[in-house]
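Structure first, then comments.
Any read-out appearing in this document is the output of simple, stated calculations on the displayed coordinates, not a laboratory observation. Being a predicted model, the structure only gives us computed values, none of them experimental. With ideal geometry, Cβ positions are generated from the backbone for all residues, glycine too; neighbour counts draw on all protein chains shown.
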Amino acid sequence: MPRKFKNARIIGIDPGYDRLGVAVIEKSLNENKVIFSDCLISNRKETLAERITYLGEEISKIIKKYKPTVLAIEKIFFNENQKTALAVAELRGAIVYEGAKNGVKIFEYTPLEIKVAVTGYGRADKKQMISLIPRLVKLPNKPKRLDDEFDAIATAITCLAREKLSYPHH
């Protein structure tokens, strides 16, 4: 049974402690649009704990400013670099905590689920993903978006597609 939310505003997160993609999408009756997107970059000279604290605080500020009801975050898989994967897992925990603390419902998606939701194809490459995103959501003009931002937008789009969110009632 589809979940219904009165205010369909989703914050999408592409977790990374070097670069963290974040996007806020609003679903309305006429269109789905990105109302905010950015790539948060932590200071490589700081400890992992300091970096996670900084990124967690920034996500909390974005949640407080844009007031999403849903947080969609990409699941991670352990690849060949387990040290990196563990650090990203710690960051994901902090982000999920910030979302829950701010009353936001959490949804998690695998990279495969995100690719299928955006392109219909589980082996789509980054270029295919980026080319399809503007067909699915209205993007505000912005000089440059990093891949991490597009990944965050794709994660939020997945939540829109998978959870059957209703548009906001004003």
Fill in: Ala100/Phe77 FRET efficiency (R0 25 Å; Cβ-Cβ; nearest 0.05)
0.65
Worksheet item: So for the chain: antiparallel DSSP bridges make up what percent, rounded to the nearest 5?
Response: 60
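Give the whole-number value, in cubic angstrom per residue, of the convex hull volume spanned by the C-alpha atoms of the stretch 1-73. All intermediate terms of the calculation are to be shown ahead of the outcome.
Details: hull volume 6.6 nm³, N = 73.
Normalising the Cα hull of the stretch 1-73 by residue number yields 91 Å³.
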Worksheet entry | GNM top mover of Asp18, Asp151, Asp125 - the chain, alpha-carbon springs below 10 Å | Asp125
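To the nearest 20 debye, what is the magnitude of the charge dipole of the stretch 9-163 about its Cα centre, counting +1 on the Cβ of each Lys and Arg and -1 on the Cβ of each Asp and Glu? Working shown, then result.
Details: 26 positive and 21 negative charges, 90 e Å.
With only Lys, Arg, Asp and Glu charged at Cβ, the dipole is about 440 debye.
Would you mind checking the pairs Lys101/Lys144; Lys101/Lys127; Lys33/Lys127 and listing those with alpha carbons more than 28 angstrom apart? If you can, show how the numbers build up before the last one.
Numbers: Lys101/Lys144 32 Å; Lys101/Lys127 35 Å; Lys33/Lys127 20 Å.
In this structure, Lys101/Lys144; Lys101/Lys127 exceed 28 Å between Cα atoms.
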Practice prompt. Determine ³J(HN,Hα), in whole Hz, for all residues of the stretch 125-139 in sequence, where each value follows from phi through the Karplus function 6.51 cos²θ - 1.76 cosθ + 1.60 and θ = phi - 60°; x replaces Gly and Pro.
Written response: 8, 4, 4, 5, 4, 4, 5, 8, 4, x, 7, 9, 9, 7, 9
Item to complete: Taking P(r) over Cα pairs in 5 Å bins from 0, in percent as the quantity of interest, determine which of (1) 2, 9, 17, 21, 19, 14, 9, 6, 3, 0, 0; (2) 1, 9, 19, 23, 21, 15, 8, 3, 1, 0; (3) 2, 8, 16, 17, 15, 13, 12, 9, 7, 2, 0 was computed from the displayed structure.
Response: (2)
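Using 1/(1 + (r/R0)^6) with R0 = 22 angstrom and r between the beta carbons of Ile35 and Ser131, what's the FRET efficiency to the nearest 0.05?
For R0 = 22 Å, the calculated efficiency reads 0.55.
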Item to complete: Starting from the Cα of Lys142, draw a straight line to each of the aspartates and glutamates and keep only those under 18 Å, dropping any in the same chain fewer than 8 residues away.
Response: Glu26, Asp38, Asp151
Worksheet item: Distance in nm between label sites at Lys142 and Ala89, each 7 Å beyond Cα in the beta-carbon direction?
Response: 3.0
Item to complete: Can you find, among Leu112, Val70, Leu136, the residue farthest towards the positive end of the dipole of the stretch 9-163? Put +1 on the C-beta of Lys and Arg, -1 on that of Asp and Glu.
Response: Leu136
